[in-house]
Amino acid sequence: MEARRAQYVEAPDAAPSGEGFSVFLAGGITGTEDWQGAAFEMLADLAVTVLNPRRAAFDLQDDTAFASQIEWEHRYLHEEPHRARFVLFWFPPSPSPEVQQPISMYELGRLVERGTPVEVGASPGYVRRRDVVKQLALSRPDLRVHSTLEETVGAARRAMFGT
């Protein structure tokens, strides 16, 4: 059995200080499948800190937890020196047309415009997949929108470490 080298940090916990390589798992949370655990397993053999915004328990009605969540995500997506060096976006299937993941779309737009290193995937079952594909074709034609989580993580591994 291969030893794990990746470090796992789940919101609202703080990531360790230092210069290590970090990857943020951005994408659908509310109303979607828990895809972040599978993504971590696919990255577990790398020397990387995996930042997971999906909490094991989160009360959407708790204003304090809500504010803390937004601040945690902002810190690791936008603030130096905490900002993740790489962002993996995954838009999982929408269980209903109402699950559109607007915050993930917003963050993707911000990071793409800033030039952040990213890999992006959107399930064929994600209701706004065509939007993701077209927007990226216009703003970052070098980026391919992958169709499976496995393809997205594989592309992220190659982009981060060439593996």
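The values are calculated or read from the model by the stated rules, or taken from the named source; none is laboratory data. All values reported here derive from a predicted model rather than from experimental measurement. Cβ: placed from backbone, ideal geometry, glycine included. Neighbour counts: every protein chain shown. What goes into the accessible areas is simple: the full protein's heavy atoms, side chains included, and nothing from ligands, DNA or RNA. Shrake-Rupley method; radii C 1.70, N 1.55, O 1.52, S 1.80 Å.
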Practice prompt. Could you order I70, I29 by accessible surface area, starting with the largest, using a probe radius of 1.4 Å?
Written response: I70, I29
Response to the item:
Yeah, the range 107-163 with a ≥ b ≥ c from its alpha-carbon gyration tensor (a/c under 1.5 is rounded, else prolate when a/b outruns b/c, oblate otherwise) is oblate
Practice prompt. Taking amide H positions as placed in the peptide plane 1.01 Å from N, state which residues far from V127 in sequence (5 or more) or on other chains have amide H under 5 Å from it.
Written response: S94
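So for the chain, averaging the separation of alpha carbon pairs under 8 Å that are six or more residues apart and normalising by length, what relative contact order in percent results?
Working: 252 pairs, mean separation 39.4, N = 163.
Taking the mean separation of contacting Cα pairs over the length of the chain, I get 24 percent.
At a threshold of 8 angstrom on Cα-Cα distance, excluding pairs fewer than six apart, so keeping six or more, what relative contact order does the range 76-163 reach in percent?
Reported relative contact order: 31 percent.
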Discussion item. Tell me the accessible surface of D13 in square angstrom (1.4 angstrom probe, heavy atoms of protein chains only), to the nearest ten.
Written reply: 90
Worksheet item: Mind listing the phi-derived Karplus ³J(HN,Hα) values for the range 69-79, rounded to whole Hz, using 6.51, -1.76 and 1.60 with θ = phi - 60°, and x for any glycine or proline?
Response: 4, 4, 5, 4, 4, 4, 4, 8, 9, 10, 9
Item to complete: List every residue whose amide H lies under 5 Å from the amide H of G31, counting only residues 5 or more places away in sequence or on a different chain, with H placed 1.01 Å from N in the peptide plane.
Response: none
Worksheet entry | Other-chain or far-sequence residues with amide H under 5 Å of F24's (modelled H) | L51, F86, V87, L88
Fill in: Cα centre as origin, Lys/Arg/Asp/Glu Cβ charges: the chain dipole, Debye
640
Worksheet item: How much net charge surrounds F86 when only the other residues with a Cβ under 12 Å from the Cβ of F86 are counted, with Lys and Arg +1 and Asp and Glu -1?
Response: +3
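Which net charge results when you count Lys and Arg as +1 and Asp and Glu as -1 among the other residues whose beta-carbon is under 12 Å from that of L51?
Residues near L51 contribute +1 overall.
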Practice prompt. Could you work out the local net charge near I70, counting Lys and Arg as +1, Asp and Glu as -1, over the other residues with Cβ closer than 12 Å to its Cβ?
Written response: -3
Practice prompt. Rounded, prolate or oblate: pick one for the chain, where a ≥ b ≥ c are the square roots of the eigenvalues of its C-alpha gyration tensor, a/c under 1.5 means rounded, and failing that, prolate if a/b is larger than b/c, else oblate.
Written response: rounded
Item to complete: Kindly report, to the nearest 10 Å², the accessible surface of T30 as traced by a 1.4 Å probe over protein heavy atoms only.
Response: 90
Worksheet item: Which listed residue (T32, A47, L138) has the Cα farthest towards the positive end of the charge dipole for the chain, taking +1 on Lys and Arg C-beta and -1 on Asp and Glu C-beta about the Cα centre?
Response: L138
Practice prompt. Filter the GluC sites (Glu not before Pro) in the range 20-72 to those in DSSP coil with at most 16 other Cβ atoms within 10 Å of their Cβ, and list the result.
Written response: E33
Practice prompt. If a/c stays under 1.5 just call it rounded; otherwise compare a/b with b/c (prolate if a/b is bigger, oblate if not). Do that for the range 1-51, with a ≥ b ≥ c from the square roots of the Cα gyration tensor eigenvalues.
Written response: oblate
Worksheet item: Which residue fluctuates the most in the chain, going by a Gaussian network model with Cα springs under 10 Å, if the choices are V23, V153, V99?
Response: V99
Item to complete: With springs connecting C-alpha atoms under 10 Å apart, model the chain as a Gaussian network and identify which of Q36, Q135, Q101 has the largest mean-square fluctuation.
Response: Q135
